[in-house]
Amino acid sequence: MTGIQYFWRHPLAEQVREEGREEGREEGRAQERAAAILRILRSRRIDVSDSVRDRVLSSTDMDALDTWFDRSFQVTEAQELFAEGS
């Protein structure tokens, strides 16, 4: 068995691959949540500026995205998603 073939079966390589898969799953969840927020605002006919859209789509913080998701059902303007203390 060559060194390269052995490396791919090594426990460290398997761990690195699994960590990469988990990161990909987390990114996918964040992207889905961001898309859902924008979809809710659109269905409520709330205008979304480019800056709001960019902030929502670029976020990877699931806690913030969850908060914005909950707020997306109540706000009257998209910028209100980011209001502190709401």
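For this structure, a couple of remarks:
- Integer Hz, Karplus 6.51/-1.76/1.60 couplings in order for the range 61-76, x for Gly and Pro: 7, 5, 5, 5, 4, 5, 4, 5, 4, 4, 5, 4, 7, 10, 5, 10
- Between Arg42 and Asp66, the simple label model (points 7 Å from Cα in the Cβ direction) yields a spacing of 2.6 nm.
Read the figures in this text as sums done on the coordinates, not as results from a lab. Being a predicted model, the structure only gives us computed values, none of them experimental. Note that each Cβ is placed from the backbone with ideal geometry, even for glycine, and that neighbours are counted across all protein chains shown.
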